[in-house]
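Scroll down for the structure; my scribbles are underneath it.
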Amino acid sequence: MVETSGADWRSDLDLVLNASREAGQEALRHFRKDPEVWWKDGGRSPVSAADYAANDILERLLRSARPDYGWLSEETTDDDKRLSRDTLFVVDPIDGTRAFINGKDTWCVSVAVVHKGRPVVAALVAPALGEEFTAFHDASAEKNGGVLRITKVASGPIQLAAPEEVIARLPSDFKPSVRRIPHVPSLAYRLAMVADGRIDGTLVLPNSHDWDLAAADLILQQAGGQLVDLDGKPLIYNRPQVKHDALCAAANHILPTLLMQLGRSARG
């Protein structure tokens, strides 16, 4: 349970959303303009000039407005001082950098406020798509100002975003009830697709990070879904280790079934 007495999360959402919009517009100025690209993590992950420019805007606007908050961003060297803060910003200036570099629209600015290990404010801004997702603690998730609420569908296949090899390993009696959704390059946006009902669930492979997940986690939760580990436990953010093991995200009415079937698959 998140302790929120005295906190003005609505004010924080206004701050986070406005900063995310400004960072998104800065990223758009680089979009499809061949921004300079570097490689990090041993050449496994790209980062562009747009990522750094958007990060600079977010850091300037957010940290100056809330100097007592901690800071965790994909594009800022991590500082363990954040571990002493109850509240911090968790930021991915461009989630879906590969898509961005390749000129594809599916990328977003992802910003969350995390309080005592759980997200309490979230904004995902996808400027190339003209979409904004928001949520704050004990309030409805929204997409472009309209309330998001996942509704239970009585019939039809489960729309599942997962690698082909995962689908292939599903139990034979369950596999026909699943329709695989092609890869969505932004993890945060993929989770938002669960929140707005375009897909029913997704498997998140190991090694996602706090900044990929925190904002979308809250949006999904407030819309009627969950992001959990494969034991069904919610995530804790702002730990010394910011990577996570395999996860599952789904609408509440489908999540128990998916976790059970994934468990069956893992047991062979």
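Cross-link reach is defined here as a Cα-Cα straight distance under 13 Å, omitting same-chain residues fewer than 8 places apart; for residue 175 the aspartates and glutamates meeting it are 164, 165. Taking the Cα centre of the chain as reference, the dipole from Cβ charges on Lys and Arg (+1) and Asp and Glu (-1) amounts to some 780 debye.
Value of Rg to Rh for the range 1-149, rounded to two decimals, is 0.97; Kirkwood radius and Rg both from alpha-carbon coordinates. Among 157-168, 104-115, 178-189, the peptide with the highest mean count of other Cβ atoms within 10 Å heads the list, and the full ranking is 104-115, 178-189, 157-168.
In a simple Cβ point-charge model (Lys, Arg +1; Asp, Glu -1; nothing else charged), the range 8-118 has a dipole of about 180 debye relative to its Cα centre. Overall, the accessible surface of the range 1-83 at a probe of 1.4 angstrom is composed of carbon and sulfur to the extent of 46 percent.
Computed log10 I(q)/I(0) for the range 97-245 at 0.08, 0.10, 0.12, 0.19 Å⁻¹: -0.22, -0.34, -0.50, -1.24, from the Debye equation with unit scatterers placed on every C-alpha and solvent omitted.
Solvent-accessible area assigned to carbon and sulfur over the range 192-268 amounts to 52 percent, based on a 1.4 Å probe. Normalised by 2.2 N^0.38 Å, where N counts its residues, the alpha-carbon radius of gyration of the range 15-82 equals 1.20.
Sorting the segments 68-76, 209-217 by their residues' average number of neighbouring beta-carbon atoms within 10 angstrom, most packed first, yields 209-217, 68-76. Take the Cα of residue 243, step 7 Å toward its Cβ, do the same at residue 140, and the gap between the two points is 4.0 nm.
When the Cα positions of 71, 53, 108 are compared along the charge dipole of the range 40-136, 71 comes out farthest toward the positive end, with charges on each C-beta of Lys, Arg, Asp and Glu.
Rounded to the nearest 500, the 222 nm mean residue ellipticity of the chain from helices alone is -10000 deg cm²/dmol, with -39,500 (n - 2.57) taken per DSSP H run of at least 4 residues. The simple spin-label model puts a point 7 Å past each Cα toward its Cβ; for residue 129 and residue 63 those points are separated by 2.9 nm.
Oblate is the label for the range 142-218. Its Cα gyration tensor axes, ordered a ≥ b ≥ c, give a/c of at least 1.5 and b/c at or above a/b.
In this structure the range 129-216 gives 46 Å² per residue of accessible area when probed at 1.4 Å with all protein chains present. Relative contact order, whole percent, for the chain stands at 17, derived from Cα pairs under 8 Å and 6 or more residues apart.
Pairs of Lys residues in the range 20-134 are counted when their Cα atoms are under 24 angstrom apart and they lie 8 or more places apart or on different chains; the count is 4.
Of the residues 197, 43, 262, the one whose Cα sits farthest towards the positive end of the charge dipole of the chain is 262 (charges of +1 on Lys and Arg Cβ, -1 on Asp and Glu Cβ, taken about the Cα centre).
About the centre of its Cα atoms, the range 156-205 shows a dipole size close to 60 debye [charges on the beta carbon of Lys, Arg (+1) and Asp, Glu (-1) only; nearest 20 debye]. The stretch between residue 260 and residue 11 holds 85.7 nm of extra length on full extension. This uses 0.36 nm per residue minus the Cα-Cα distance.
Rolling a 1.4 Å probe over the protein chains gives residue 173 an accessible area of about 110 Å².
The values are calculated or read from the model by the stated rules, or taken from the named source; none is laboratory data. Because the structure is a prediction, the values reported are computed rather than measured. Here Cβ is always computed from backbone atoms with ideal geometry, including for glycine, and neighbour counts include all displayed protein chains. Heads up: the accessible areas ignore ligands, DNA and RNA and are worked out on the full protein's heavy atoms, side chains in. Shrake-Rupley method; radii C 1.70, N 1.55, O 1.52, S 1.80 Å.
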